[in-house]
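K.L.:
Okay, here's the structure, questions in a sec.
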Amino acid sequence: MKRNLKKGTAFLLILAAILFVVSEFINKSYSCNQDMVGDRSKNVVALEKERKDSIDMLIVGDSETYTTLSPMKFWDQCGITSFVGGQSGQQLSEAYNVFQKGIERQSPKLVLIETNMFYRKTNKSTKAMNAVQEFGNKYFSVFNHHSIWKKLVCNRGIKPVQSYKGFLIKTQVASYEGNGYMRRCHGDKRINSNAKSYVEKIVRKCKSRGIDVVFYSAPSPKNYNYEKHRALKAYAKRLGVKYVDLNMKQKILKIDWKRDTIDRGDHLNIAGAEKVSNYMIKYVSENYKLPDHRNDPSYSEWNKLAANYNKEEQLSISRIMAMNTGRQTGTKNGKRSNN
Amino acid sequence: MSYTSAIYLAIFLPVTLIAYQLTPKKHRGKILIGASAVFFWSLSKWLIVYLAGAIVVTHYTAIGIERAREAAFDATPDEIELRQEKSKKILRLGILLVLGTLVVLKYTNFTFMNVTQLLRSFGSSIVYKPHRILVPIGISFYTLESIGYLLDVHWGKVKAIQSLEKTALFLGFFPKLMEGPICQYSDLEGTLFNNEPLQFENLKRGMLRIFWGMFKKIVIADRLAIIVNSIYSNYSDYHGGMILFAAVGYTMQLYMEFSGVMDIVIGTAELFGIKMPENFRQPFFAKNATEFWQRWHISLGKWLKSYVFYPVSVSKTVKKWNQFGRKKIGKFWTRVGTSALALFPVWLINGLWHGPFWNYIFYGMYYFTLLLIEVSIEPTWKKWMKKIHVDMKAGWYRAGQTVKLLCIVFTGEMFFRAPGLKAGFTMFGNLFKDFSLAPIFNGALEHYGLERMDLNVVVWGIIIVFVFDILKEKNKLSYEEFNKLALPVRWSAYYALILAVIILGAYGEGYQAIDLIYAGF
């Protein structure tokens with residue numbers, strides 16, 4: 001019996017060692033070439049690589065984050081260093097993980113949490129499953145990034161994507177034809193209780209560290225309605241957190257749903273993101289005193305990146321405008337493009 | 001929580017094993033029941049009451065049947081008959097309750113929809129709006145197990161279980177809850193209630209089997225599912241080679257998934273020292289459709305044979321037919337008629353058991369027809385072959401049999417997977433339109449959600465599984481032989497398998513978790 005116990009332990013230890021070595025190999029591979037990381041994990045890995053204590057504002061949430069708030073605009077207009085740690089379909093457990101990683105190496109003064117993931121369906125077993133997966137991913141990155149083998153074996157899979165501190169420039173246009181999606185009503189859309197536990201963990205941790213938290217809802221007819229607005233507003237009030245629902249600021253933002261969305265009202269393109277970013281820059285600078293680093297030489301790389309961003313943004317917006325004009329005049333350019 | 005989820009493998013199973021080992025022997029069954037309840041609850045929540053109900057009904061019906069039968073032994077012939085009638089009545093009531101639950105939950109909408117449709121064709125204006133009926137996981141599996149057990153008790157083949165705990169474990173043992181195998185009581189009674197302590201040998205053997213199953217499921221089947229689902233959901237857009245690819249791909253997906261999950265199930269039971277019956281035995285090496293069903297989903301075939309085919313074969317109707325046939329229509333047609341009478345209910349139930357859809361009923365009837373043809377012409381065929389000196393064991397003849405079998409299986413699975421019977425016929429028709437294999441080989445498959453590297457993994461994975469199947473078929477592969485190899489070789493094989501599952505598995509980013517196919521039946 002004892003012999004078998006020893007054998008079993010030895011087997012498991014060797015297995016753990018193998019997994020550790022493979023995980024280290026994977027970590028090294030993508031530290032050499034960040035494009036090797038899967039699209040969904042790119043922002044998380046990039047956040048880990050940011051210079052220590054260089055980020056003042058952290059944004060977490062699902063794809064609504066990296067299609068609405070542009071850190072380069074925050075930088076350009078008021079020198080705030082921010083990073084979008086958003087992931088497509090991010091679960092709150094993942095958001096918590098990103099937040100944890102963010103505060104391990106950074107000292108953000110403000111955390112923006114996009115609220116769409118508060119309504120992502122998870123049951124208890126999904127919660128437990130996420131916890132198991134997170135544990136595995138934390139200590140053995142082979143579980144999270146195992147598909148890297150395809151990129152190592154065959155370089156064809158590597159598609160470099162330009163990310164501006166987590167923000168992605170989207171230029172597609174697919175109009176949202178509906179209207180009045182935030183029509184007033186009395187009901188509340190209940191927030192997932194599993195999601196709440198993670199939100200409250202983040203809020204508690206932020207409060208204990210003196211970090212301000214803001215909930216924000218990105219403009220999205222597909223994901224929001226008045227029932228959610230009511231529930232989120234009440235929830236934020238209960239937690240003592242400020243809440244900005246951009247779906248209720250349609251008149252100020254002037255989102256053109258025929259032109260500013262990439263997928264019929266789910267996400268915004270760069271033209272829509274510019275409007276949202278401008279509004280949030282004003283909101284943040286009026287309500288929070290975040291430092292302006294523009295004249296700090298140690299942040300010179302931000303200036304370079306912002307210059308590239310501005311060029312690409314202008315080009316993309318003018319392309320969208322042209323596409324829109326084409327559609328209105330019925331020319332070939334008006335062809336819809338889907339994401 | 002399914003058998004391939006991280007929570008099952010990393011939390012549920014280790015916790016159950018530890019709890020089982022730490023519990024005194026006489027209470028270990030309770031740990032397995034508790035684990036089964038947790039497992040069931042994680043999938044079907046409060047619908048667990050249906051399983052609990054089936055357990056209670058099965059338990060007390062079996063005891064009632066046995067008491068009625070036992071009393072009959074020392075009674076007068078009249079009393080014996082009376083008691084047997086009583087036993088039959090109790091049996092019927094028990095079956096009515098467990099089978100009735102299955103029928104109501106699974107077939108109500110199907111029945112009412114078809115009846116109203118029929119009435120509408122006669123001018124009625126009745127409209128039936130289907131209701132959302134929640135069906136507990138595994139109901140089709142444990143219902144058959146319950147019926148089989150009650151019949152066995154009634155026939156005196158097995159003794160009724162006297163402990164409710166044991167009946168609960170027999171029907172609700174968690175490894176077989178989702179996809180079977182459909183166990184007969186005699187399959188499990190030897191090991192299920194022994195409550196033996198964990199053995200290192202069982203753990204090794206079980207874990208190896210679990211990882212082999214994981215390899216088939218998440219490395220091969222889950223990749224194939226992406227491309228197969230993509231083609232089947234837009235089936236009318238495809239023809240020729242792509243339809244063939246979809247049919248072959250789905251058959252491979254189903255085989256890799258179902259047999260893979262069976263490996264996980266049997267491996268899990270082995271961890272606790274419990275032996276479960278095999279559900280697959282290299283099905284593609286069968287000579288014909290009849291043999292195929294002796295190798296594919298064996299437990300369903302065995303159940304249908306024991307509880308439908310045999311009782312029908314010895315029923316009064318068949319006996320009367322035999323008497324009539326021999327006198328009036330000759331030996332050949334009598335045999336055909338007898339086979340038809342016994343096979344028809346088998347294949348109708350087989351089709352219906354898979355679900356309330358016409359394509360499943362068609363699938364059952366498809367095999368009914370094929371098997372009837374095989375049974376009817378087999379003796380004559382053999383005579384002809386002998387007459388023209390064809391060696392039926394020759395390689396070329398066996399190859400021909402395999403090609404014929406594959407055509408039969410692929411066609412059957414095409415209808416089985418199709419989203420409806422009409423869709424099945426559309427696909428079958430499209431198969432012969434503009435037939436070309438070019439889309440399979442010119443890289444077009446890469447547009448269906450799988451990269452070339454994924455396709456390579458699928459192809460190589462299937463080759464590896466079939467090499468192992470060949471070795472098993474030739475009795476050249478056994479765990480005992482593997483266990484005789486030097487420790488470094490064995491451990492290297494274990495690590496290679498585990499790493500293959502972890503690295504090549506179609507899980508996490510870029511992949512979606514694929515539900516178990518048979519868990520939906």
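Rule-based calculations on the coordinates, nothing more; no lab input. A quick note: this is a predicted structure, and the numbers were derived from the prediction, not measured. Virtual Cβ from ideal backbone geometry, glycine too; neighbours counted across all protein chains shown.
K.L.:
Order of A:145, B:239 from fewest to most other C-beta atoms within 10 Å?
P.N.:
Working: A:145 24, B:239 20.
The most exposed by this proxy come first: B:239, A:145.
K.L.:
Given the protein assembly as shown, what percent of its DSSP beta bridges are antiparallel, to the nearest 5?
P.N.:
Values: 2 of 18 bridges.
Taking every DSSP beta bridge within the protein assembly as shown, about 10 percent pair in antiparallel fashion.
K.L.:
Only residues of the range B:296-321 count here: report those whose backbone N is under 18 Å from the spot 7 Å along Cα→Cβ of residue B:114, or say none.
P.N.:
None, by backbone N distance to the label point.
K.L.:
Based only on Cα atoms, what Rg/Rh ratio does the range B:79-167 have, Rh being taken as Kirkwood's radius?
P.N.:
Working: Rg = 18.5 Å, Rh = 15.9 Å.
That ratio is 1.16, to two decimals.
K.L.:
Describe numerically, in nm with one decimal, the distance between label points set 7 Å from Cα along Cα→Cβ at residue B:310 and at residue A:248.
P.N.:
7.2
K.L.:
Okay, moving on. What spacing in nm lies between the two simple spin-label points modelled at residue B:287 and residue B:341, each 7 Å away from Cα in the Cβ direction?
P.N.:
My value for the distance between the label points is 2.8 nm.
K.L.:
What shape does chain B take by its C-alpha gyration tensor, where a ≥ b ≥ c are the square roots of the eigenvalues and a/c under 1.5 counts as rounded, a/b above b/c as prolate, and the rest as oblate?
P.N.:
Numbers: a/c = 1.41, a/b = 1.08, b/c = 1.31.
Cα axes put chain B in the rounded bin.
K.L.:
Another one. Counting other beta carbons within 10 Å of each Cβ, put B:27, B:59, A:186, A:267 in order, fewest first.
P.N.:
Details: B:27 11, B:59 24, A:186 7, A:267 28.
With the fewest neighbours first, B:27, B:59, A:186, A:267 line up as A:186, B:27, B:59, A:267.
K.L.:
For the cross-link pairs A:170/A:222; A:52/A:311; A:52/A:201, which exceed 20 Å when the distance is taken from alpha carbon to alpha carbon? Write out the running numbers ahead of the final one.
P.N.:
Details: A:170/A:222 18 Å; A:52/A:311 28 Å; A:52/A:201 23 Å.
As for pairs spanning more than 20 Å Cα to Cα, those are A:52/A:311; A:52/A:201.
K.L.:
Quick check: from the Cα gyration tensor, does the range A:258-317 come out rounded (a/c under 1.5), prolate or oblate? Spell out each step's value before the answer.
P.N.:
Values: a/c = 3.58, a/b = 1.49, b/c = 2.40.
Oblate shape, in that a/c is at least 1.5 and b/c is the bigger or equal ratio.
K.L.:
Return the distance in nm (one decimal) between the two label points of a simple spin-label model at residue B:475 and residue B:127, each offset 7 Å from Cα along Cα→Cβ.
P.N.:
Output for this residue pair reads 6.5 nm.
K.L.:
Okay, moving on. Please give the FRET efficiency for residue B:433 paired with residue B:459, using the beta carbon to beta carbon distance and R0 = 35 Å, rounded to the nearest 0.05. Display every interim value, and only then the final one.
P.N.:
Working: r = 26 Å, r/R0 = 0.75.
For residue B:433 and residue B:459, the calculated efficiency is 0.85.
K.L.:
In debye to the nearest 20, how big a dipole does the protein assembly as shown give about its Cα centre with +1 on each Lys and Arg Cβ and -1 on each Asp and Glu Cβ?
P.N.:
On the way: 115 positive and 67 negative charges, 194 e Å.
Result for the protein assembly as shown is approximately 940 debye, rounded to the nearest 20.
K.L.:
Taking the Cα centre of the protein assembly as shown as the origin and placing charges on Cβ (Lys, Arg +1; Asp, Glu -1), which of B:356, B:299, A:84 is farthest toward the positive end of the dipole?
P.N.:
Farthest towards the positive end: B:356.
K.L.:
Do you know the relative contact order of chain A, to the nearest whole percent, from alpha carbon pairs under 8 angstrom that are 6+ apart? List each step's numbers first, then the result.
P.N.:
Values: 528 pairs, mean separation 76.1, N = 339.
Relative contact order for chain A comes out at 22 percent.
K.L.:
Follow-up. Could you work out how much longer the chain between residue B:442 and residue B:322 gets when fully extended? Use 0.36 nm per residue separation minus the Cα distance between them, nm to one decimal.
P.N.:
Numbers: separation 120, 0.36 × 120 = 43.20 nm, distance 5.75 nm.
Result for the pair: 37.4 nm of gain on full extension.
K.L.:
Only helical DSSP H runs with n ≥ 4 go in: add -39500 (n - 2.57) per run for chain A, normalise by residue count and round the 222 nm mean residue ellipticity to 500 deg cm²/dmol.
P.N.:
Details: 13 runs with 174 residues, N = 339.
The per-residue figure over chain A is -16500 deg cm²/dmol.
K.L.:
Can I ask one more? With the Cα gyration tensor of the range B:281-417 giving a ≥ b ≥ c as the square roots of its eigenvalues, does the rule (a/c under 1.5 for rounded; else a/b larger than b/c for prolate; else oblate) give rounded, prolate or oblate? The partial results should precede the final answer.
P.N.:
Details: a/c = 2.05, a/b = 1.06, b/c = 1.94.
Oblate is the answer for the range B:281-417, as a/c is 1.5 or above yet b/c matches or exceeds a/b.
K.L.:
Among the complete DSSP H segments of chain B, which ones combine at least 30 Å of alpha-carbon extent along their axis with a mean Kyte-Doolittle hydropathy of 1.0 or more? List each step's numbers first, then the result.
P.N.:
Working: long enough: B:48-73 (38 Å, 0.92); B:77-121 (54 Å, 0.24); B:241-271 (44 Å, 1.15); B:331-354 (35 Å, 0.62); B:358-387 (42 Å, 0.01); B:395-417 (32 Å, 0.45); B:452-473 (31 Å, 1.38).
Answer set is B:241-271, B:452-473.
K.L.:
Another one. Work out the FRET efficiency for residue A:107 and residue A:18 from their Cβ-Cβ distance, taking R0 = 30 Å, and round it to the nearest 0.05.
P.N.:
Numbers: r = 37 Å, r/R0 = 1.22.
Efficiency computed from Cβ-Cβ geometry: 0.25.
K.L.:
Only residues of the range A:286-308 count here: report those whose backbone N is under 19 Å from the spot 7 Å along Cα→Cβ of residue A:209, or say none.
P.N.:
Hits in the range A:286-308 for residue A:209 at 19 Å: A:288-291.
K.L.:
While we're looking at this one, here's another question. Order these by the 10 Å Cβ neighbour count, fewest first: B:334, B:16.
P.N.:
On the way: B:334 18, B:16 22.
The fewest-first ordering by Cβ neighbours comes to B:334, B:16.
K.L.:
DSSP loop (so not H, G, I, E, B), at most 10 other Cβ within 10 Å: list which trypsin sites (Lys or Arg not before Pro) in the range B:353-406 pass both filters. Please report the intermediate quantities before stating the final value.
P.N.:
On the way: sites: B:382, B:383, B:386, B:387, B:393, B:398, B:404; in loops: B:393.
Listed in order of number, the matching sites are B:393.
K.L.:
Note down the magnitude of the dipole of chain B about its Cα centre, charges +1 on Lys and Arg C-beta and -1 on Asp and Glu C-beta and zero elsewhere, to the nearest 20 debye. Show your work: numbers first, answer last.
P.N.:
Working: 56 positive and 36 negative charges, 354 e Å.
Value, rounded to 20: 1700 debye.
K.L.:
Additional query: Can you compute the helix-only [θ] at 222 nm over chain B? Use -39500 (n - 2.57) per DSSP H run of at least 4 residues, normalise by all residues, nearest 500 deg cm²/dmol.
P.N.:
Working: 22 runs with 353 residues, N = 521.
That calculation yields -22500 deg cm²/dmol at 222 nm.
K.L.:
Additional query: If the label point is 7 Å along Cα→Cβ of residue B:278, which residues in the range B:473-492 have backbone nitrogen under 11 Å from it?
P.N.:
B:473-479
K.L.:
Sticking with this one: May I ask you to compute the full-extension gain from residue B:201 to residue B:56, defined as 0.36 nm times their residue separation minus their alpha-carbon distance, rounded to one decimal in nm?
P.N.:
On the way: separation 145, 0.36 × 145 = 52.20 nm, distance 3.53 nm.
My answer for the length gained is 48.7 nm.
K.L.:
Within the range A:1-93, report the chymotrypsin sites (Phe, Trp or Tyr not before Pro) that DSSP leaves as loop and that have at most 16 other Cβ atoms within 10 Å.
P.N.:
Numbers: sites: A:11, A:20, A:25, A:30, A:66, A:74, A:75, A:83; in loops: none.
Filter output for the range A:1-93: empty list.
K.L.:
Further question on the same structure: Given charges of +1 on the Cβ of Lys and Arg and -1 on the Cβ of Asp and Glu, with all other atoms neutral, how large is the dipole of the range B:281-417 about its Cα centre, in debye to the nearest 20? The partial results should precede the final answer.
P.N.:
Values: 21 positive and 5 negative charges, 152 e Å.
Here the size comes out at about 720 debye.
K.L.:
Among residues other than residue B:109 whose Cβ falls under 13 Å from its Cβ, what is the net charge (Lys/Arg +1, Asp/Glu -1)? Don't skip to the answer; put the middle values down first.
P.N.:
Numbers: positive: B:106, B:129, B:132; negative: none.
Its environment carries a net charge of +3.
K.L.:
Please tell me which of these pairs span more than 26 angstrom C-alpha to C-alpha: A:42/A:151; B:305/B:393; B:217/B:275?
P.N.:
Details: A:42/A:151 14 Å; B:305/B:393 28 Å; B:217/B:275 22 Å.
Table pairs above 26 Å Cα-Cα are B:305/B:393.
K.L.:
Please state the relative contact order of chain B as a whole percent: Cα pairs under 8 Å, 6+ residues apart?
P.N.:
On the way: 632 pairs, mean separation 92.3, N = 521.
Relative contact order for chain B comes out at 18 percent.
K.L.:
Which helices of chain A meet both criteria: a Cα extent of 27 Å or more along the helical axis and a mean Kyte-Doolittle score no lower than -1.0, with helices taken as whole DSSP H segments?
P.N.:
Values: long enough: A:2-32 (45 Å, 0.70); A:300-329 (44 Å, -0.96).
Span-like helices in chain A: A:2-32, A:300-329.
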